[in-house]
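One structure is given here, and the rest of the page talks about it.
Only the coordinates and a few stated rules stand behind these numbers; no lab work does. As the structure is a computational prediction, the values presented were derived from the model and not from experiment. Because the Cβ atoms are built from the backbone with ideal geometry, glycine has one as well, and the counts that use them run over all protein chains shown.
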Amino acid sequence: MSTEKSAAAQRGNMERKIIHLDMDCFYAAIEVRDRPELRSEPVAVGGLSSRGVLTTCNYAARAFGIHSAMPNFIALRKCPHLIIVPIRFDVYRFESKRIRSIMKEYTDLVEPLSLDEAYLDVSESKRSATSIAQEIRRRIRQTTGLVASAGVAPNKMLAKIASDWEKPDGLFHISRDEIDDFMKDLPVSKIWGIGKKTAEKLLAKQITTCGQLQTFTSLELTHMFGKFGGDLYELCRGIDNRSVIPNRIRKSISVERTFSTNLETLDQCILKTRDIYQELQEDLLKLKSDRPLAKLFIKVKFSDFSRTTVERTGIDISESSALELLQEAFSRKALPVRLIGLGVRFATSPSAQSHQLEFSFQSRAH
């Protein structure tokens, strides 16, 4: 018997009914709702200084090529009449709680990913997941005046892909019987866990769709991508057995990069750390969390595979602070560097020394 299990066999537990609910342009939509005169204008939310970074923007702004994590000065070049409004986390948090309370009327299995999106497992309901999703979207609009899109599927990955399929104000359902055909032409960039680097590596091998990725065995993908290769073998076939986990509290977020060629000098490390810091900023913006940041930390792995970590509280969450920690870590061993990781830890209590998230996005605009 072949050691490669068929996709159908591995879907034996895929009778689940998962909804991914995603608010459309959440922060910007709230600002436009509260200021109706902005309804037909390109609007973005973010820091107001020239060194600020956008958190999100509405669809009118996206038509000009503007997107989240874009520095203000670049956005204003693309759209000189762009209206940038300040972040109001207290308002966004209030609306998020109202939306979440609606979700919890349908299931206790609600896993928030950020203020504006969540997974719901409604497998125990006798109703169809599609009808539940439609009703939740209608109630959110009636209660908050805001629009949500939803995806319905047998697992989390496909539900999240589906919620983006007919945005804005869309509802898309992928049934179990449709998975094979749906995955065939799906871009590999849509797969959960594939980031920029993995996408580039796949493109270099002329792999752009899940159908093309399915021609590789699990062993071949493991050789190419390590442990993640085994996951890719299943994910490109629409197999995702992750459970919806309520009340998950994320303690930190970080970005790591292992270098194909070791870095010999501090200047080389500084250049790489600047890039990593930018990636960290973008990941924080995507997270859309209002939780305060307590610590900045950096991890360095040397050529002998030893590692060191430096972290600080009470400092600005900024590129300059990251470079200060890098210099301390780099000085601990006179060896080349093979990995640099940069991250932040969230405050565990209101009394913890911390910097609000919006403050951490004022540091880089070259």
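Here are a few things to note about the model shown:
- Think of it this way: in the chain, Cys25, Cys57, Cys79, Cys269 stand alone, with no other Cys Cβ under 4.7 Å.
- Cut-off 12 Å between beta-carbons: net charge of the residues surrounding Ala334, Lys and Arg +1, Asp and Glu -1: 0
- Protection proxy ranking, highest mean first, for peptides 259-266, 294-301: 294-301, 259-266, where packing is the per-residue count of other beta-carbon atoms within 10 Å, averaged.
- Two-decimal ratio, the chain, of alpha-carbon radius of gyration to 2.2 N^0.38 Å: 1.06
- Within the straight-line cut-off of under 19 Å between alpha carbons, the aspartates and glutamates reachable from Lys78 are Glu41, sequence neighbours fewer than 8 places apart in one chain being disregarded.
- Computed [θ] at 222 nm, helices only, for the chain once each DSSP H run of length n ≥ 4 contributes -39500 (n - 2.57): -10500 deg cm²/dmol
- Separation of the Lys286 and Gln327 label points, Cα + 7 Å toward Cβ, nm: 3.2 nm
- Spin-label proximity, Gln268 to region 289-314 - amide N less than 14 Å from point 7 Å beyond Cα toward beta carbon: 301-304
- Within the same chain, lysines fewer than 8 places from Lys97 are excluded, and of the rest, those with a Cα less than 17 Å from its Cα are Lys288.
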